[in-house]
Amino acid sequence: MRVTGVSITKVSPARAVAFAVLEQVAEGAYLSDALREQSYQLDARDAGLASQIAFGCLRFEKQLDYLIRVYSGRKPNDLDRAVAIALRAAIFQMRYLERIPAHAAVHESVEFVKQRRRAAGGFVNAVLRKVTREEVSWPDEETALSCPEWLLARWRKHFGEEQARGIAKAALCEPAAYIRIPPGAAPPEAITTERTQIPGCWRLLSPPAPGMRLHDISSQAVLLLLDAQEGQSYLDLCAAPGNKTLQALETSFGLAVACDISERRIREVPPVCPRVVLDAAQPLPFSREFDRILVDAPCSGTGTLARNPEIKWRVKPQDFPRFHRKQLRIAAQALALLAPRGQLLYATCSLEPEENEDVVREIQSMNPGLRIEREMWRLPGRDEGDGFYAALLTRQG
């Protein structure tokens, strides 16, 4: 089997893909994108194992790196990247996946390293022979929760000690899957579902059918804040991949327009309304006003760590002011098109105040006729689904 241009022998397809994906993520790729690109030819069982290993290594990276130091006496950052990836993957399988034979995890990790750095194969084998399932006393909360201390400190300050731990713990768990079924319609018979408290949101209890759109419960809950009425005009400025657009169009608008900066990504939005490629931070090419506007703003994504665990190791404190500036520009362009008595829903899947309350307060200070109708938080560990912030703003006529 060939993965990323290197022939990997004596390594199962699932582990070969997991190793290749982890290498891509280390180079800056997004985990979900890399998995989708690498595993599309795998059968369901192998694809599942590849996903489990890749997600597990990133969710529990801080714990795994501590265990590497315990078993090897070396810091992972001092090791060759392929060696660190192999050790994380093997230790994760041996300690966190009960059904995985230890010998398979060891053998295939050693073989992977031999393909990259043959001389390191003996070192990896020797380290992995020391791995046990004995309980470990983690040295600090950062390691126990496998989350950077600076992020935990921010969440403690913002949400309190208990909720900060809840957010970090939730990021270690595989997220539940949800789908959107318009109220009044029934879910397909081929899948098993159960209702949630959010109208139209169903929890998926069986594997999704091919091509089925998953739509997180928090994302669905956010859009319910928008008081959409039949016949109104609707503008979605950051629409891709289109889940919120489809949910919004359960209301029969007189006009609906979906926009996104990426031509590739906006093609993921079904052709249910006009789709426009544009940079929402720049003046918008519309000559009319809109009654309802959604700004699902680009953000750091710190509310989505369960499904995007690489973010917690990649995001930096200086990223939040950068997102803040862009979010303000997008909101300003949106407000220029908001009709009198119109409503703008501002939302992010970030947990950081710079991207949320600070943006909304600054928007309001620059627009005296703008009223904050409602703000909503959905927090991992307290609420189902991803973390989200949303604020509904009304322009007074």
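The values are calculated or read from the model by the stated rules, or taken from the named source; none is laboratory data. Quick caveat: nothing in here was measured; it's all calculated off a predicted structure. Here the Cβ is made from the backbone with ideal geometry for all residues, glycine too, and neighbour counts use every protein chain on show.
Brief remarks follow.
- Residue that is surrounded by the fewest Cβ atoms within 10 Å (Cβ to Cβ), among those in the range 1-32 that are of a type in the set (D, E, K, R) and modelled with pLDDT of 95 or more: GLU27
- Condition check for GLU375 on (1) buried (at least 16 other Cβ atoms within 10 Å of the Cβ); (2) closer than 21 Å to PHE159 by Cα; (3) not hydroxyl-bearing (Ser, Thr, Tyr): one failure, at (1).
Results for (1) in the same structural domain as CYS57 (by TED's automatic domain parsing); (2) among the aromatic types (Phe, Trp, Tyr); (3) in contact (Cβ under 8 Å) with a residue 24 or more places away in the chain, shown as yes or no for each residue.
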{"site": "PRO182", "(1), (2), (3)": "no, no, yes"}
{"site": "ALA185", "(1), (2), (3)": "no, no, no"}
{"site": "ARG195", "(1), (2), (3)": "no, no, no"}
{"site": "LEU204", "(1), (2), (3)": "no, no, yes"}
{"site": "TYR234", "(1), (2), (3)": "no, yes, yes"}
{"site": "LEU237", "(1), (2), (3)": "no, no, yes"}
{"site": "SER252", "(1), (2), (3)": "no, no, no"}
{"site": "ALA258", "(1), (2), (3)": "no, no, no"}
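- When the range 211-260 is filtered for residues that are in a loop (DSSP other than H, G, I, E, B) and among the small types (Gly, Ala, Ser), the ones remaining, listed by number, are GLY211, ALA228, GLY231, ALA239, ALA240, GLY242, SER252, GLY254.
- ALA281 vs. criteria surrounded by fewer than 20 Cβ atoms within 10 Å (Cβ to Cβ), of a type in the set (A, V, I, L, M) and not in a helix (DSSP H, G or I): yes
- Filter pass, ARG213 being free of Cβ contacts under 8 Å to residues at least 24 places away in the same chain and not aliphatic (A, V, I, L, M): no
- In the range 51-62, the count of residues that are among the aromatic types (Phe, Trp, Tyr), modelled with pLDDT of 95 or more and part of a loop (DSSP other than H, G, I, E, B) is one or more.
- Output for the range 114-136, where each listed residue is over 23 Å from GLN63 (Cα atoms) and in a loop (DSSP other than H, G, I, E, B): ARG117
- As a summary of the residue check, ARG265 satisfies the conditions (1) among the charged types (D, E, K, R); (2) out of contact with any strand residue (DSSP E or B) (no Cβ under 8 Å at 6 or more places or on another chain); (3) assigned to a loop (DSSP other than H, G, I, E, B) except for the one numbered (3).
- Residues of the range 10-46 that are among the small types (Gly, Ala, Ser), under 16 Å from ALA105 (Cα atoms) and under 19 Å from the mean Cα position of the chain (by Cα): ALA18 alone.
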